[in-house]
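In what follows, a single structure is set out as structure tokens and then discussed.
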Amino acid sequence: MCFKWVAAEGELRVDPATRAVDASSARRKISDYDRNTIEAARVAAGSIGSELVGLTFGGPDARTGIKDALARGVDRAVHVVADEGARADGHVTAHVLAAQVRRLEDVDLVLCTEGASDTYAHETGPRLGELLGWPVVTNVRELTVEGRTLRAVRVLGADLETVECDLPALVTVVPEVAPAPIPGLRSVLGAAKKPSEQVPVADLGLPAGAVTARTTVTSFLGYVAARRRVVLADGAAQDKVDALVAGLAQDGVLR
Amino acid sequence: MTGIYVFSEDPRLAAELATTAAALADEVHVVCLGADASRTLTATGATSVVVLEAAGAPRPEAYVAALAGLMRDRGADLLLVGATVTGWEVGARVAALLDSALVSEASVITALPDGAWQAERVMYAGGAVQTETWSGPGVVTVAPGRAVAAAVPGSASPVEVVAVDVDTRVRVVSRTARVRSGVDLASAARVVCVGMGLAEPGDLALAGDLADALDAEVACTRPVAEDRGLLPTERYIGISGAHVHPDLYVGLGVSGQVQHTVGFRDAKVVVGINTNPAAPLFAVCDYAVVGDAHEIVPLLAAAVRARH
Ligand SMILES: Cc1cc2nc3c(=O)[nH]c(=O)nc-3n(C[C@H](O)[C@H](O)[C@H](O)COP(=O)(O)OP(=O)(O)OC[C@H]3O[C@@H](n4cnc5c(N)ncnc54)[C@H](O)[C@@H]3O)c2cc1C
Ligand SMILES: Nc1ncnc2c1ncn2[C@@H]1O[C@H](COP(=O)(O)O)[C@@H](O)[C@H]1O
């Protein structure tokens, strides 16, 4: 399964005047829904008696994420270490992950999340599947493997679609596929004994075109909310409600 | 410049995209699946409509290689794809086959004077906006509701049918509809939004009563719909749900993570009711009511009714 080490979106500092974003002090985390994906992958791997490899592509700081992923149930982790300062878009990320999956041999199933907390692009999984030449099944909320057949329930807006395909396959999952339990102390301690490997991206032998971003970022501006923030915290509930209704009436938003 | 190609499995969305594309290029080709869709799309004023035809009734995702092949053969600059679940997959896989740029859910697309392209998209679920540029072929997905589908009077684009091979490795076993409410939150003037802080089954009546007093639609956060199944999924607001622009949004027991709040950014007035004074929702509120929704909501419903 593929997980991404990202900055916590709630801790980005935005300069209200210039809208410049400072992510340097934001904590890093495994992308929220990737934690559900780890759990779904753990269950799926268990059901077919396979090893679960956690795969991430990111800067040196993603090392901390490796420990977290191992604690969450990954049997072994591979960290493809990105060159510092090189920007990876979906094109680069998919090429790197595909090259690493090919190096692993005997992979039956790769799980990605529908979207990551930072990009939420719904891009990496299907791109990766296409590069591997495998069937792709996206937006899955239920997943079973029997023999060489994968059966999955996809969420398509208000519809649920059940599909089947043969392995190997690339599946993207929605968070409802599994809960994301917080690892207990034993799992955290046990993680230290599990194997992990760091692979410099250069070792994958990819051509320059595959590791050069197709897009260039020319601007990145934070969002600044312009709201009044009238706080109604003190006094009896009825007083707060009266103050609120008076305010809403003045704003002209009650019918 | 060989024009923009447009694809969506949903003909209405394809028609919207044709309008978007017409503002960016003189030549717009709409690609669709099946003759029925082509009939709607010939009225969009597009330069041409290309129907991909295959035996049987393949799922739209089965046409990925055919679509990429068409783009390559015709030297297309840009493919716009409707950003549905199917469109996300089709767009990303076509981009992989073309080894091209992809911008997912772009809000603004610009043709730069030097032949390059630029698009804006949201990052960190609404925490930031990123502008990206690229040259050479590219794929951009565009969410529904970004443009109005304009029928061009008297227009009848030539239709070309292309027989293609499809990928049948993924087989559809069944398709069922989940509960639908038929609600159109996007046009609601007032919205009462139920969060996990007010999501016990008995609590829905409280929210429903307030919505009734305010003449509002009931909406919710993602976990209320997807985890609890308390309300239909069309009722959840956020980056992966509905985008609303009401006069009034009232959040009940909503923590206010950006993935949710991005969905009502354009609301005129935002009210939060939450027991936790540090709830992130309060940072994006006009009125922050600190208190228990079980207590506040009935009082609020009564106070609103008292004005009628
Ligand atoms: C990639 C991604 C996409 C996402 N997309 C969406 C999306 O589209 N839409 C969406 O909604 N979410 C989305 N989420 C989830 C989002 O991050 C939040 O987890 C979710 O919105 C939280 O829902 P909530 O506020 O109902 O629940 P919680 O975060 O659990 O908050 C419950 C709140 O209720 C308060 N509370 C408890 N009891 C009471 C009471 N008696 N009275 C008043 N207040 C009370 C608590 O203080 C708390 O603030 C997404 C997440 C990710 C990572
Ligand atoms: N750098 C990465 N390393 C490992 N997995 C990734 C990486 N980027 C994206 N993914 C996977 O692809 C999913 C979707 O990412 P995205 O397409 O960017 O929204 C993530 O949730 C991960 O499962």
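Observations on the structure shown:
- Between 0 and 90 degrees, the angle of helix A:32-48 with respect to the longest Cα principal axis of chain A falls at about 30 degrees.
- Under 27 Å from the Cα of B:Lys268 - lysines, other chains or at least 8 residues apart: A:Lys240
- Build a GNM of chain A with springs between Cα atoms under 10 Å apart, and of A:Ala69, A:Ala208, A:Ala237 the one that fluctuates most is A:Ala237.
- Placing pseudo-labels 7 Å out from each Cα toward the beta carbon at A:Asp106 and A:Ala8 gives an inter-label distance of 4.0 nm.
- B:Asp36-B:Glu295 pseudo-label distance in nm [points 7 Å out on the Cα-to-Cβ vector]: 5.6 nm
- Choice from B:Glu16, B:Glu27, B:Glu120 with maximal GNM fluctuation in chain B (Cα, 10 Å cutoff): B:Glu27
- Residue of B:Ser174, B:Ser48, B:Ser240 that the Gaussian network model of chain B assigns the largest fluctuation, springs spanning Cα pairs under 10 Å: B:Ser174
- At R0 = 41 Å, FRET efficiency that the Cβ-Cβ distance of A:Ser187 and A:Ala233 yields, to 0.05: 0.55
- Put a plus charge on the Cβ of each Lys and Arg, a minus charge on the Cβ of each Asp and Glu, and nothing anywhere else: the dipole of the stretch B:138-196 about its Cα centre is then about 400 debye.
- Checking every one of the trypsin sites (Lys or Arg not before Pro) in the stretch A:107-180 against DSSP loop status and a limit of 16 other Cβ atoms within 10 Å picks out A:Arg148.
- FRET efficiency estimate (nearest 0.05) - Cβ-Cβ, A:Phe220 to B:Ala278, R0 41 angstrom: 0.90
- Overall, the anisotropy analysis places the protein assembly as shown in the oblate class: the square-rooted eigenvalues a ≥ b ≥ c of its C-alpha gyration tensor yield a/c not less than 1.5, with a/b not exceeding b/c.
- Angle in degrees between helix A:90-104 and the longest Cα principal axis of chain A, rounded to the nearest 10: 40 degrees
- Axis of helix B:85-98 versus longest Cα principal axis of chain B: the two differ by about 40°, to the nearest ten degrees.
- Proximal lysines relative to A:Lys29, as straight alpha-carbon distance under 26 Å, when same-chain residues fewer than 8 apart are discounted: A:Lys4, A:Lys67, A:Lys193, A:Lys194
- Residues B:Ala306 and A:Ala208, FRET efficiency given R0 of 51 Å [Cβ-Cβ distance, rounded to 0.05]: 0.10
- Within the stretch A:211-246: backbone nitrogen closer than 18 Å to the A:Asp83 label point (7 Å, Cα to C-beta): A:211-217
- Label-point gap, in nm, between A:Ser47 and B:Val162 - each point 7 angstrom along Cα→Cβ: 3.9 nm
Computed from the coordinates by the stated procedures, all read-outs in this text should not be read as laboratory data. The structure presented is a predicted model; accordingly, all values stated were derived computationally and were not measured. All Cβ positions, glycine included, derive from the backbone under ideal geometry; neighbour counts span all protein chains shown.
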